[in-house]
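One structure is given below, encoded as structure tokens.
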Amino acid sequence: MGLIKGNVARILSELPAEVELVAAGKARAVEEILEAISGGARIIGENYVQEAEKKFNIIGRKVKWHLIGHLQKNKVKKAIRIFDMIETLDSFEIAENIDEACLAENKIMPVLIEINSGKEENKSGALPEEAEALIRQVAALSNLKVTGLMTMGPALENAEDYRQYFKLTKNLFETMRSLNIPGVEMKYLSMGMSDSYRIAFQEGANLVRIGTVIFGPRIKA
Ligand SMILES: *Cc1c(COP(=O)(O)O)cnc(C)c1O
């Protein structure tokens, strides 16, 4: 069995049944992504629209595609043709752009609200205290559907240190769920990467985004 294929199979065997793997494909070749798919990956996460488009044109809809990087306004039209979910929504302005583009394509786009759980300056994501207002605004748009939250957390040396940020985001997720905002379905909680995915699923993540443990260290980007 190829290395990548084996890595995916091992991770999948380790994840609790309710947790789905998002294979983070940035800077990886199509061949590597295909090997991950042969190992059982069913969702590919991509950070950049143009890079995703190249892979999507070859691989197509036999997997789901999640946008896990920041979306720029000028890439929205292309993005909504490729992605099955946008995990990184953090402003009403970009939500309006997505809504408009989806209306034109007769699509409903599932989105996760990205939370800046470390409250870091110059970091993408809505602050936890801004989440409710943003969710209510986005819920009013007809061609977007809020389906959960996503967070990165600060870059940390020690995996255990992620736990507080994952707990905070899980609490926010439960609070938002309890509000029963019409049109909002709090279903997905996307947290955890290669160094933190075990902590993340212990704290309630049901999507984990993993690159390095599947594909090895990234050379570029
Ligand atoms: C690259 C990336 C990942 C995966 O990171 P690894 O440390 O390689 O597992 C997960 N989430 C996002 C948003 C990323 O950009």
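As a fraction of the 1.4 Å probe accessible area of the chain, surface on carbon and sulfur atoms comes out at 50 percent. Among Glu46, Glu20, Glu121, the largest mean-square fluctuation in a Gaussian network model of the chain, built with springs joining Cα atoms closer than 10 Å, belongs to Glu121. Each other residue within a Cβ distance under 10 Å of Val138 adds +1 if Lys or Arg and -1 if Asp or Glu, for a net charge of 0. Pairs from the table (Lys5/Lys119; Lys62/Lys119; Lys54/Lys167; Lys26/Lys119; Lys78/Lys167; Lys54/Lys119) lying more than 32 angstrom apart at Cα are Lys5/Lys119; Lys62/Lys119; Lys54/Lys167; Lys78/Lys167; Lys54/Lys119.
By a straight-distance test (C-alpha under 12 Å), which aspartates and glutamates pair with Lys55 as possible cross-link partners, with residues fewer than eight away in the same chain excluded? Those aspartates and glutamates meeting the cut-off are Glu31, Glu32, Glu46.
Overall dimensions of region 100-221, expressed as equivalent-ellipsoid semi-axes from the Cα gyration tensor (√(5λ), whole Å, largest first), are 26, 18, 13. For Glu114, nonlocal amide neighbours, meaning residues 5 or more places apart or on other chains whose placed amide H falls under 5 Å from its own, are Leu89, Asp90, Ala126, Met150.
Computed from phi, the 3J(HN,Hα) profile of region 206-214 under the Karplus parametrisation 6.51, -1.76, 1.60 (θ = phi - 60°) reads 10, 10, 10, 10, 10, x, 4, 5, 7 Hz, with x in place of Gly and Pro.
Backbone geometry of region 31-37 corresponds, through the Karplus equation with coefficients 6.51, -1.76 and 1.60 at θ = phi - 60°, to 3J(HN,Hα) couplings of 4, 5, 4, 5, 5, 4, 5 Hz, x marking Gly and Pro. For region 94-148 and region 15-71, what is the separation of their Cα centres, given in Å? For region 94-148 versus region 15-71, the Cα centre distance is 21 Å. With semi-axes defined as the square roots of five times the eigenvalues of the C-alpha gyration tensor, the equivalent ellipsoid of region 7-93 measures 23, 15, 10 Å, largest first. At a probe radius of 1.4 angstrom, the accessible area of region 77-206 per residue rounds to 46 square angstrom. With only alpha-carbon pairs counted, each pair once and no self-pairs, how large is the Kirkwood hydrodynamic radius of region 157-221 in angstroms? Computed over region 157-221, the radius equals 13.0 Å. Here's how it looks for Met109: its modeled amide H is under 5 Å from those of Leu144, Lys145, which are all 5 or more places away or on a different chain.
The values are calculated or read from the model by the stated rules, or taken from the named source; none is laboratory data. The shown structure was predicted, so the numbers you read here are calculated from the model rather than taken from an experiment. Note that we place each Cβ from the backbone using ideal geometry, even for glycine, and neighbour counts take in every protein chain shown. Accessible surface areas use protein heavy atoms only, side chains included; no ligands, DNA or RNA. Shrake-Rupley method; radii C 1.70, N 1.55, O 1.52, S 1.80 Å.
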